[in-house]
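Every number here is computed from the coordinates shown, using simple stated rules; none is lab data. Treat the numbers as computed from the prediction; the structure is a model and nothing was measured. Cβ placement follows ideal geometry from the backbone for every residue including glycine, while neighbour counts extend to all protein chains displayed.
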Amino acid sequence: MSDNNLFEKIISHAKEYGFVFPSSDIYGGLAAVYDYGQNGVELRNNLRQFWYLSMTRLHANIVGLDSSIFMHPKIWKASGHVDGFNDPMIDNKDSKKRYRADVLIEEHQEKIRQKIAKEVTKAATRFGDSFDETQFRQTNPRVMEYQERIDTMNGILKTALESGDLNQIKELIESEGIVCPISGSKNWTDVRQFNLMYSTQMNALEGADEDLYLRPETAQGIFVNFLNVQKTGRMKLPFGIAQTGKAFRNEIVARQFIMRMKEFEQMEMQFFCKPGTELQWYEYWKQWRMRWHGVLGTDEKKLRFHDHVKLAHYANAAVDIEYDFPFGFKEVEGIHSRTDFDLSQHEQFSGKKLRYFDAEANESYIPYVVETSIGLDRLFLVVMSEALQEEEVNGDTRTVLKLPPALAPIKCAILPLVKKDGLPELAEKIYEALRFDFNTFIEDKDSIGKRYRRMDAIGTPFCVTVDHDSLTQGDVTIRYRDTMEQERVPIDSLREIIEAATSMKTLLKQI
Ligand code: ATP
């Protein structure tokens, strides 16, 4: 499948098989808002659970939290979101489409990177075994010129964003000849800043309150609870607090399906440590989180680190983990060394001390923080992009979702071969016995071949067929999703077979 086709296929497959529906579909949908269907919710819950367990159970010093979406409005003043949570926007006057100016530039750079990659591949074929890629990149005039263009753009973007000089960004877009993907024209407006937070009111009485904001990130709920957790949990530095929950951003450029939504879910962990040790922990979390993605079966060639061009005002180091989506490399997760910025700001704005008493050093200080922040919906898209495959089987095309079994929405389907002779009754008995342990499905409609294909399409790792021999011999046919191999096994052994392959423990132990 070409990348474009793959992306289209993922979107239509997600809808057709009950993974993701456009929100308010019968009313024509709501831009950049999506609902998860019967299979999507299972996959998403499994991903969330895997993240949560891996962060908390595998780290004795990390605990959970579930803070509210509504928070005191001052929190967003303190965090810098009221004044600084902006994106630079630019409109194309011909198509009337609005874009994030920095994203337009990044996408333009990506095209140049692809040209570099083409040169490298060409040279590698030409030189064969003696090819030295590093030397080629450092000496080939065309590649050097491309790379220099990218570096110069990064330099300009960085200074422009840091100084807030938005004209420079517009000039860069013009000098690079970047065109609107819709109209193909270079007829751009000026670049302007746009705040991404949604506001609402807490009380019915007008003017009774300041505006509330729907949280644009879950992290601040962790910071304002830092001392509550530390004191009541008698936590010693270094320690972490992990939480998952909804966040809201008024993303103007909402495209690419569940990649960029207005309402989405984050899974964030803030790791509190002694000042001066943060860069060590930053390095630790960078490596650990990359390993974590590998355990989910994501092709390691499709994952990369991307250092931030411009560090946020609160960070002294920041990197993204990017995945090569069908539409190119894009951020899935951010790892940020946030210094003591957030806790210091909350101390100042709340007037309450947010310090840790270090008994060994006999002093109090504000801890430093390293954050890992991943979007659950983007992770969902990574997993779908990796898993969705089409295979030729006896001249036919089989669509199969090769999800890691622990993440599969349904672990096992019980399928009586025919709807008579006591087979449905035996199938029901097996189903009753397994459903307490696994999300199990039972179905007797349609031919067995059709039922297998439907289970393949939603990623069910095991299909169990109950036939006439099952009644007398107490065994069934188990079919494996990926190989389509079939095997006769005793009914009594089903639980053990399914457990061994689908338990989240198996994944957790691999990290
Ligand atoms: P981007 O540059 O793509 O807008 P960001 O740098 O603003 O992302 P962060 O603020 O670091 O993102 O948020 C952490 C994670 O939350 C991101 O890595 C991403 O997975 C997820 N995320 C952020 N915004 C969205 C969104 N609008 N829709 C879905 N997921 C999102």
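Values as computed for the structure displayed
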{"read-out": "Å³ per residue enclosed by the Cα convex hull of segment 235-352", "value": "151 Å³"}
{"read-out": "Selection from Phe194, Pro326, His306 lying farthest towards where the dipole of the chain points positive, charges on Cβ", "value": "Phe194"}
{"read-out": "Residue-count net charge about Asp25 - beta-carbon cut-off 11 Å; Lys, Arg +1, Asp, Glu -1", "value": "0"}
{"read-out": "Principal axis box of segment 401-462, alpha-carbon based, largest edge first, Å", "value": "36, 26, 11"}
{"read-out": "Distance histogram for segment 403-508 (every C-alpha pair counted, 10 angstrom bins, percent rounded to whole numbers)", "value": "16, 53, 28, 3, 0"}
{"read-out": "Angle in degrees between helix 166-175 and the longest Cα principal axis of the chain, rounded to the nearest 10", "value": "70 degrees"}
{"read-out": "Estimated inter-spin distance, Arg435 and Lys419, nm [label 7 Å along Cα→Cβ]", "value": "1.9 nm"}
{"read-out": "Extension reserve of the Val41-Glu300 stretch, reckoned as 0.36 nm per residue once the Cα distance is removed", "value": "90.6 nm"}
{"read-out": "0 to 90° range, to nearest 10: angle between helix 38-56 axis and the chain longest Cα axis", "value": "60 degrees"}
{"read-out": "From phi via Karplus (6.51, -1.76, 1.60), per-residue ³J(HN,Hα) for segment 58-69 in Hz, x at Gly/Pro", "value": "8, 10, 4, 9, 10, 10, x, 7, 9, 8, 6, 6"}
{"read-out": "Stretch gain in nm, segment Glu392-Ser68, where the contour uses 0.36 nm per residue and the Cα spacing is subtracted", "value": "111.7 nm"}
{"read-out": "Proximal lysines relative to Lys420, as straight alpha-carbon distance under 21 Å, when same-chain residues fewer than 8 apart are discounted", "value": "Lys429, Lys445, Lys450"}
{"read-out": "Potential lengthening between Asp25 and Glu428 on full extension [0.36 nm per residue; Cα-Cα distance subtracted]", "value": "141.6 nm"}
{"read-out": "Helix axis angle, 376-387 relative to the chain longest principal axis, alpha carbon, degrees", "value": "50 degrees"}
{"read-out": "Footprinting exposure proxy for Phe272, Phe264, Phe462 (fewest neighbouring C-beta atoms within 10 Å first)", "value": "Phe264, Phe462, Phe272"}
{"read-out": "Cα→Cβ-extended label distance, 7 Å offset, between Tyr480 and Lys310, nm", "value": "5.2 nm"}
{"read-out": "D (Stokes-Einstein, µm²/s), Kirkwood Cα radius, segment 41-125, 1.306 mPa s at 10 °C", "value": "85 µm²/s"}
{"read-out": "Distance histogram for segment 86-194 (every C-alpha pair counted, 10 angstrom bins, percent rounded to whole numbers)", "value": "14, 38, 26, 16, 6, 0"}
{"read-out": "Residues Met71, Met267 arranged by fewest to most Cβ contacts within 10 Å", "value": "Met71, Met267"}
{"read-out": "Computed Kirkwood radius, in angstrom, where 1/r is averaged over Cα pairs of segment 449-498", "value": "11.3 Å"}
{"read-out": "Built amide H within the under 5 Å cut-off of Glu265, gap 5+", "value": "Ala247, Leu376, Asp377"}
{"read-out": "Approximate spin-label separation Val120-Phe136, in nm, with each point projected 7 Å along Cα-to-Cβ", "value": "0.9 nm"}
{"read-out": "Under Karplus coefficients 6.51, -1.76 and 1.60, residue-wise ³J(HN,Hα) of segment 445-460 in Hz, glycine/proline x", "value": "7, 6, 5, 4, x, 5, 5, 4, 4, 5, 6, 4, 5, 10, x, 5"}
{"read-out": "Förster-model FRET efficiency, 56 Å R0, Ile182 and Thr472, C-beta, rounded to 0.05", "value": "0.25"}
{"read-out": "Local electrostatic count at Tyr146 - Lys and Arg +1, Asp and Glu -1, tallied over other residues with Cβ under 9 Å", "value": "+1"}
{"read-out": "Estimated FRET transfer efficiency when R0 is 35 angstrom, pair Arg495-Lys246 (beta carbons, to 0.05)", "value": "0.45"}
{"read-out": "The chain, Rg to Rh (Cα coordinates; Rh as Kirkwood inverse mean 1/r)", "value": "1.01"}
{"read-out": "Cross-link pairs beyond the 30 Å C-alpha cut-off, checked among Lys77/Lys274; Lys158/Lys301; Lys236/Lys411; Lys158/Lys509; Lys15/Lys302; Lys9/Lys411", "value": "Lys236/Lys411; Lys158/Lys509"}
{"read-out": "Integer Hz, Karplus 6.51/-1.76/1.60 couplings in order for segment 296-303, x for Gly and Pro", "value": "6, x, 5, 4, 5, 6, 9, 10"}
